[in-house]
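As structure tokens, the structure follows; a few thoughts come after it.
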Amino acid sequence: MSHDTTRDVPAAGVSETGNQRPVPFRGGGFVHRSLGPVAPIVFLVILAIWELGSRSGFISAIALPAPSEAFGALVDLFQTGMLWKHLGASLYRLIVGWTLGSLLGIAVGLFIGLFSLARAGLLPLVSALFPVPKIALLPLFIIWFGIGEGSKVATILFGTFFPTVIATYGGVDNVDRNLIRMGQSFGLSWLSIVRKIIVPGAMPAILSGFRISASIAIVLLVAAEMIGAEFGVGAYILMAGALFALDQLIAGVALLSVIGLIIAWLIGKLEKRLLSWRT
Amino acid sequence: MQLLLRNITHHYGGRTVLDDISLTVDDGEIVCIVGPSGCGKSTLLRIAGGLEKPDQGQALLSGPAPEGSLNPLTYIFQDFALLPWRSVEGNVSLVLEDHGIAAAERKAIIADVLARTNLSDFAKALPRQLSGGMKQRVAIARALAVKPAIMLMDEPLSALDSQTRELLMDDLVALWTRERFSACYVTHNLNEAVRLGSRIIVLSRRPGRIRDVVEIDMPLAERADRLAELEPLQRRVWEIMREEAREADREISDVA
Ligand SMILES: Nc1ncnc2c1ncn2[C@@H]1O[C@H](COP(=O)(O)OP(=O)(O)OP(=O)(O)O)[C@@H](O)[C@H]1O
Ligand SMILES: [Mg+2]
């Protein structure tokens, strides 16, 4: 019977053999779908396991406080009103340092990308200074910019400056030469070519540079607040560490993570807006 | 306006690419340039458009640019060269923005050239949403917006499939019949050359020299219907090209 049904199918010149099977599927993958709830679920599961471990005594309270204790410390911070003081001081340093560092970095990166002389003169300098740990230069920054906000902002500024330079000039180098030639062939001015062709073309690289420099800025925030900071999330963490108040330490670290998450989310939004033209 | 190339010779790192090329593109004339791969056609076109300086010889313009021409020598590129972050109208707008044209007038020009290339419905589309043929039509619209006197076209249809190429060729013929632009048209495709060229210049293998010039007097608009008469011409050009290719082949085996 099955023989008869297959006969009915008008197959073009297919010789029939009994053994038919589907072509094995080998496509798919390498494409990202947005899976909304996955991230919060991962977070909650880890927190739940951690909490359970602490409650059951599997994780010793001396080694790691329970998430609920850290949360308690956070609530404390909120109720005393210190949360906003610490957050405000840190966000101010982050925003000022990162903004100035990024703007300077983009400017210098464009120079290196556009002018041979700047490339010859500045690129070795950037390569030489990028790997220097900015934390090691903290005493210098304090002498140069004072013990107050200046040295803290400067640390973050220098830390974000170099990766931005490198991302920007790499982006400029990657702009399709043919588009630039097109601009020249239509007689666009030099400034128009830079503004309308080179900068938008380098934007994907600049934005992925932002992701890296924002994380570096948060890392350096704690370092910058090590010395002479009364307020700030970094200062709070260091104080808690010195007192071995582990619940406060974890609460402070969680605050930094939240800042990191929010920044990543903001940059993601920015990418969606500025790079919607990408395939 | 006339474009004159006088004794153009050009080298890249000691290797001669173009050797003493002279040619003229007259008003309202489409000159096709064919030749084996690597013989310097694109280089010649870059020199003609002032994007590169020849080692010897000159590229000259004679006669006044037509009234209102913003960019007398205008390119059309093989890979379209559209800005992927600008919409169709944004891409056309790009080449008008540097000329101090009032926004309203600019809008009018954009609407006009998009209508002439049947793209009005796609004004807001991004290049990635368009097929290859439509992208090239956007590039043609962009070129029309600056009222060119002479179009420099480097294999404008090579990236397209043969049906789209056929359609765009008809569009170009219709456009030429209306506006009588002059063009220097580089191509690999001899069919394009005999359909569009009033003159076909055949270059030799590298170093590029003018190997032969074939004149075709048949009016452009009639050519689609009289393909059979063009066939012998196409064959003749093909024979010359084949000889060149064969000799180039032999040369390489001599070196080895
Ligand atoms: N900027 C450059 N620097 C060095 N050599 C180049 C450069 N541009 C082109 N050449 C060389 O010059 C020769 C001619 O190149 P060109 O692109 O003009 O040839 P073409 O006739 O347009 O070739 P095709 O038909 O493949 O497009 C080639 O051998 C190429 O390698
Ligand atoms: Mg070429």
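If I model chain B as equal point scatterers sitting on the Cα atoms and use the Debye formula, what is log10 I(q)/I(0) at q = 0.15 Å⁻¹? Log10 I(q)/I(0), no solvent term: -1.11.
Across peptide B:92-98, the average count of Cβ atoms from other chains found within 10 Å of a residue's Cβ is 4. Listed by chain and number, the lysines whose alpha-carbon sits under 28 Å from that of residue B:124, ignoring those within fewer than 8 places in the same chain, are A:196, A:269, A:272, B:107, B:135, B:147. Size descriptors for region A:66-178: radius of gyration and Dmax over Cα atoms are 19.0, 60 Å.
Annotation for residue A:212 and residue B:112: the two label points, set 7 Å from Cα along the Cα-Cβ direction, are 4.9 nm apart. Spatial offset of region B:180-208 relative to region A:107-125 amounts to 42 Å, using the alpha carbon center of each.
Under 20 Å between alpha carbons, and skipping anything fewer than 8 positions from residue B:41 in its own chain: which lysines qualify? In chain and number order, the partners are B:53. Of the residues A:108, A:172, ranked by 1.4 Å probe accessible area with the largest first, the sequence reads A:108, A:172. Which residues of region B:17-64 end up with at least 30 Å² less accessible area in the presence of all protein chains than when their chain stands alone, using a 1.4 Å probe? Flagged in region B:17-64: B:46, B:51. Chains B and A together bury some 1900 Å² of accessible area, summed over both sides, with a 1.4 Å probe. In a fully extended conformation the segment linking residue B:9 and residue B:218 would gain 72.0 nm over its present Cα-Cα distance, using 0.36 nm per residue. In this simple spin-label approximation, residue B:180 and residue A:107 carry label points 7 Å from Cα along the Cα→Cβ vector, and these lie 5.5 nm apart. In region B:80-147, Cα pairs under 8 Å separated by at least six residues give a relative contact order of 51 percent. Share of pairwise Cα-Cα distances greater than 45 Å in the protein assembly as shown is 42 percent (whole percent). Relative contact order for chain A: 22 percent, from Cα pairs under 8 Å spaced at least 6 residues apart, divided by residue count.
Considered as an equivalent ellipsoid built on the Cα gyration tensor, chain A has semi-axes of 46, 37, 15 Å, the largest given first. Between the beta carbons of residue A:253 and residue A:189, assuming R0 = 51 Å, the FRET efficiency works out to 0.50 to the nearest 0.05. Taking 60 Å as R0, compute the FRET efficiency from the Cβ-Cβ separation of residue A:38 and residue A:119 and round it to 0.05. Efficiency computed from Cβ-Cβ geometry: 0.90.
Counts of other chain beta carbons within 10 angstrom of each beta carbon in peptide A:176-185 average 6. For residue B:183, which sequence-distant residues (separation of 5 or more, or a different chain) have an amide H within less than 5 Å of its own amide H, given hydrogens modelled in the peptide plane? Hits under the 5 Å cutoff: B:29, B:30, B:31, B:151. Heavy-atom surface analysis with a 1.4 Å probe gives region A:191-273 a carbon and sulfur content of 73 percent of its accessible area.
Taking a ≥ b ≥ c as the square roots of the eigenvalues of the Cα gyration tensor, region B:8-153 is prolate, since a/c reaches 1.5 or more and a/b is larger than b/c.
Rolling a 1.4 Å probe across the protein heavy atoms gives region B:156-252 an accessible surface of 51 Å² per residue. Each peptide in B:195-203, A:123-131, B:162-170 gets a packing score, the mean of other Cβ atoms within 10 Å over its residues, and the list from highest to lowest is B:195-203, B:162-170, A:123-131. Altogether, the Stokes-Einstein calculation at 37 °C and 0.692 mPa s, with the Kirkwood radius of region B:80-147 over Cα pairs as Rh, returns a diffusion coefficient of 284 µm²/s. On C-alpha positions alone, give me the angle between the axis of helix B:227-255 and the longest principal axis of chain B, in degrees, nearest 10. So the inclination is approximately 60 degrees. Pairwise alpha-carbon distances in region B:27-77 exceed 15 Å for 58% of all pairs.
Between residue B:246 and residue B:158, the contour length at 0.36 nm per residue exceeds the alpha carbon distance by 29.4 nm.
Mean separation of Cα pairs under 8 Å and 6 or more residues apart, divided by the residue count, gives chain B a relative contact order of 27 percent. Residues of region B:187-218 with an amide N closer than 14 Å to a point placed 7 Å from the Cα of residue B:229 along the Cα-to-Cβ direction: B:195, B:216-218. Percentage of Cα-Cα pair distances in region B:178-249 greater than 18 Å, rounded to whole percent? Of all Cα-Cα pairs in region B:178-249, 39 percent lie more than 18 Å apart. Hydrophobic, long helices, defined as DSSP H runs whose alpha-carbon span along the helix axis is 30 Å or greater and whose mean Kyte-Doolittle value is at least 1.0, occur in chain A at A:82-114, A:199-224, A:246-274.
Summary of the geometry: region B:91-107 and region B:61-83, compared by the centres of their Cα atoms, lie 15 Å apart. The apolar share of the surface of chain B, taken as the fraction of accessible area on carbon and sulfur atoms (1.4 Å probe, ligands and nucleic acids excluded), comes to 49 percent.
For region B:130-147, the residues whose backbone nitrogen is under 16 Å from a point 7 Å from the Cα of residue B:51, taken along Cα to Cβ, are B:136, B:139-140, B:142-144. Computed per residue of the protein assembly as shown from DSSP H runs no shorter than four, each worth -39500 (n - 2.57), the mean residue ellipticity at 222 nm is -18000 deg cm²/dmol.
Centre-to-centre separation between the Cα atoms of region B:1-54 and those of region A:240-273: 61 Å. Counting only other chain Cβ atoms within 10 Å of each residue's Cβ, the peptide B:141-149 averages 1.
The values are calculated or read from the model by the stated rules, or taken from the named source; none is laboratory data. Predicted model only: the values in this text are computed from it and were never measured. So basically every Cβ, Gly included, is an ideal-geometry build from the backbone, and we count neighbours across all protein chains shown. Note: areas computed on protein heavy atoms with side chains; ligands, DNA, RNA excluded. Shrake-Rupley method; radii C 1.70, N 1.55, O 1.52, S 1.80 Å.
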